[in-house]
Amino acid sequence: MLAGLFASTMTTAHLPSKATKSSSISKARALLRGVGVAREDSDDELGDEDLPWEWIYSAEPETFDQVGHSEINGKKREIIGARTGDFDVRIGDCVFIKGDGLQGEAYVGMVCEFEDSDQGTEDDMSVNVMWFSTEFEIKNKEKKRMDFLPNELYINPSYNLCPLRSINGRAKILSPKVFNEQYPNGVPKKSRDYGKVFVCRRGCNPRTANYTPELDWDTIYKGRDTDIFAIGELVRQGTKATRKKAQKHAATENRENRVRPKRRRRETSVDSDDSGDRDFTREGTVETIPEEDEEAEDDFDVNDNNFSRKTKAPRTPSKRRTNFTFSTPTQKNLLTPTRKNQLTTPTRRTPTSARKFTTPTNRKITIKKPLLFTPLNTRTLPNLSSPYAAARHHLHVSTLPASLPCREAEFNEVYTQLSAAITEGTGSCIYISGTPGTGKTATVREVITQLRHLVALEELDDFTFVEINGMKVADPHQSYSLLWEAIKGDRVSPSQALGLLESEFSTPSPRRVPCVVLMDELDQLVTKGQGVMYNFFNWPGGKYSRLIVLAVANTMDLPERTLSNKISSRLGLTRITFPGYTYDQLMTIIKSRLEGVQGDIVDADAVQFASRKVAAVSGDARRALDICRRAVEMVEYAPVISNDNEKGRRLSGKIAMMREDDDDGSGGGGIKAGGRVTIATIRQAILEATSSPVQVFLKTCSLSSKVFLVALLVRCRRSGVGESVLRDVMDEAARIVKIQEIGVEELGGEARVGGIESAVKGLVEAGVVGLEKKGSGGGRVRFLINEEEIKIALKDDKAIGAVVGRVG
Ligand SMILES: Nc1ncnc2c1ncn2[C@@H]1O[C@H](COP(=O)(O)OP(=O)(O)OP(=O)(O)O)[C@@H](O)[C@H]1O
């Protein structure tokens, strides 16, 4: 449908031909470098003087409110342009936007509107631009067109609000035909236009690598009279993949970051009432395209007159404008269309040796060599021919189930938030909390798998995904390096990564691919000054970051506890809570995992029993699955165990202890190798889990040790952080002793603190807790075993069990 509306006769005759090649010509051409553009000379059209930017208003006061208006003497006036010294810029102009990146990139955008956010400083003067992209931005190797010209730009239907002072001169965008007419020998180096002239013959969405057919730039681009909306729509339609599913889920409200400009009333060529898609005919008029795709509706309101902004007169900026320097070109023959080897983007190449960059303050940044991993031996698939092996396999926590039953609502919520943020190109921070084993990580991974599938089907823009697990990083600050490596592919030190990330997220970039970060075990990433958590929560809110953080923790209020209420409420986190699984839900989960396992080897009663036992303690699916898997193992391998033989007699005492909870009345019974998993098997598996060496140690350690462990558990639960200051734990222990009225003599009389100190030493030696002698308060202490083990071992303890029960 759209195809006929694009210029169909643009032929290679219009493109720079080999006949026009010469090295002087090619040098005089604009260069494309990195993902932005660079010019050989560094002349700044805006002059060396740091003159303030001022708005240019329409002559007549306007009668309606709209973006890009200001109030002067009580009258609304439309902002129609901006000027600094002799340089002025208007809607429809194509301009260079300075990047702040290390490689001195600039970007080219078309001015769509101006905004003043009312604060009266130059910082609040913004320009909304529609970007042009370079071929470097198109990462999808399969779909990338290889006929790109060296100075070719693609109009890209994405927008950003940029500071007005990031404008760094005017760019000239021509059709290849006009370029050849105006510059048959290329742009002469001495010309003022040198390095500023580009050709445009297609639109492209670099994130999906979808291109429009060739379009007639001379027809659609009319300088300051251009109908920018029509161009935006033309390109949006022309580059649209089948993004229906993603759009269905996209939250259309959330557009703070990528601001699509409001339609301007001045546009005479557009029928403001039409609701269909508009496009250009080759004669340059705008036509309504009959509704072809219901979901491609115009999602901005033509008649939205309720948007009013006030502004104060702009003041002189306090900071001097940074001069942007363009690098010297290194490419020789820029007329050769596809010199792939020369045009490889620097950010993606694999460094063979360490590369060196410097920060804007000339600090050296060393890019480390990528880590080389020796591939492991090929893993063999488990032999699932026996029903026991199949059951064990499906019940294993590392087996990915086809779907996650009982987490549909949570899945939908995460999916909706994430796909909306990716589609809209906005940043977002989702805080996911829930006790261990409630499927938080599994759900997030499942959502990512589904979204990746959509990307493969071209129904969603591509995104980068990185998982940072607090348990797996030696130092929380390494998170910065991991994020930077995920975004740029370069390994740098944490402090360098921090600087680079700050710069990256505060710089507009039309090419930025959304990055989704799963920060698992967040409580382990808490640092003394809370810098890591603060930064990861704060960056998504930045205008240009396109960073989506999925922070996963066990406690609901970790952000409030560690960052204060004030900061965490400002961060605007989206919160999703995963409740512990109920008895019914655990049953469903176990049954669904056993579906398809032949032989009916697990009794329904056994599944019920396991679910009830686990739901009563924690609602932890991991625990329920582990118990069932161990029970399957027992019936698969165990010799016959009955109350008649020696081993059976030994076990029977322990089983009798459990019989108190044996509300099914079926008793222990025997376990037969090659038999079925019954309640008795489950009971024995539970018993085994609670009589592991760790459990035995915990149950039989001194009361001082138990008090200390419970105190540490309380502190960790309260702070939401996996470690605590030793002195605080001691104080907590003293409080517990007092409140529980634990016998003073049992803790060593008056010297009870001393008693706990030696208990701590014993716990450290046993590898139950780790003590890091750093900072004040006697160092920091943390569990080296799962907190759940402490709960299970001590929940029935006579002296301290009540406190454990309250920890939850
Ligand atoms: N609804 C479910 N259906 C099937 N398996 C599940 C479900 N929920 C959790 N699991 C399984 O339980 C195990 C633990 O899940 P997961 O790691 O997602 O929990 P978590 O909430 O992230 O726990 P933690 O806080 O300890 O990291 C995984 O093996 C997962 O496959």
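The values are calculated or read from the model by the stated rules, or taken from the named source; none is laboratory data. If you're wondering where the values come from, they're calculated on a predicted model, not measured in any experiment. Positions of Cβ are backbone-derived with ideal geometry, glycine not excepted, and every protein chain shown enters the neighbour counts. Ligands, DNA and RNA are excluded from the accessible area calculation, which covers all protein heavy atoms including side chains. Shrake-Rupley method; radii C 1.70, N 1.55, O 1.52, S 1.80 Å.
What to note about this one:
- With 0.36 nm allotted per residue and the present C-alpha distance subtracted, the Lys699-Arg782 stretch has 28.0 nm of extension available.
- Take 386-392, 199-205 and order them by the average number of nearby Cβ atoms within 10 Å per residue, most first; the result is 199-205, 386-392.
- Percent accessible area from carbon and sulfur atoms, segment 407-578, protein chains only, probe 1.4 Å: 51 percent
- Extension gain for Asp796 to Glu502 (0.36 nm times residue separation, less C-alpha to C-alpha distance): 100.8 nm.
- Charge dipole of segment 184-236 about the Cα centre (unit charges at C-beta), most positive-ward option of Pro188, Ile228, Cys200: Pro188
- The stretch between Leu51 and Thr582 holds 184.5 nm of extra length on full extension. This uses 0.36 nm per residue minus the Cα-Cα distance.
- Relative contact order of segment 78-239, defined on C-alpha pairs under 8 angstrom at six or more residues apart (%): 22 percent
- The label-point distance for Ala766 and His453, in a model that sets each label 7 Å from Cα toward Cβ, rounds to 4.7 nm.
- FRET efficiency, Ser117 to Arg192 (Cβ-Cβ, R0 25 Å, nearest 0.05): 0.15
- Label-to-label distance, nm, for residues given as Asn565 and Asp475 (7 Å Cα→Cβ offset): 3.5 nm
- Per-residue packing, averaged as other Cβ atoms within 10 Å, sorts the ranges 158-171, 460-473 into the order 158-171, 460-473, beginning with the highest.
- Per residue solvent-accessible surface (Å²) - segment 407-578, probe of 1.4 Å: 34 Å²
- Whole-Hz couplings from phi, Karplus 6.51/-1.76/1.60, listed for segment 173-186; x for Gly and Pro: 10, 10, 6, x, 5, 5, 4, 5, 5, 6, 10, x, 10, x
- Exceeding the 27 Å Cα-Cα cut-off - candidates Lys613/Lys738; Lys144/Lys488; Lys472/Lys795; Lys177/Lys488; Lys143/Lys472; Lys190/Lys543: Lys613/Lys738; Lys472/Lys795; Lys177/Lys488; Lys143/Lys472; Lys190/Lys543
- For segment 407-578, averaging the sequence separation of C-alpha pairs within contact (under 8 Å, six or more residues apart) and dividing by the residue count gives a relative contact order of 36 percent.
- Separation in nanometres of the label points that stand 7 Å from Cα toward Cβ, at Ala689 and Asp88: 7.6 nm
- Three-way shape label, segment 458-509, alpha-carbon gyration tensor, a/c 1.5: oblate
- Accessible carbon and sulfur surface of segment 103-173 relative to its total accessible area, %, 1.4 Å: 46 percent
- Gyration tensor (alpha-carbon) shape descriptor, segment 428-585, a/c threshold 1.5: oblate
- Judged by the gyration tensor of its Cα atoms, with axes a ≥ b ≥ c, segment 78-239 is prolate; a/c meets the 1.5 cut and a/b is the larger of a/b and b/c.
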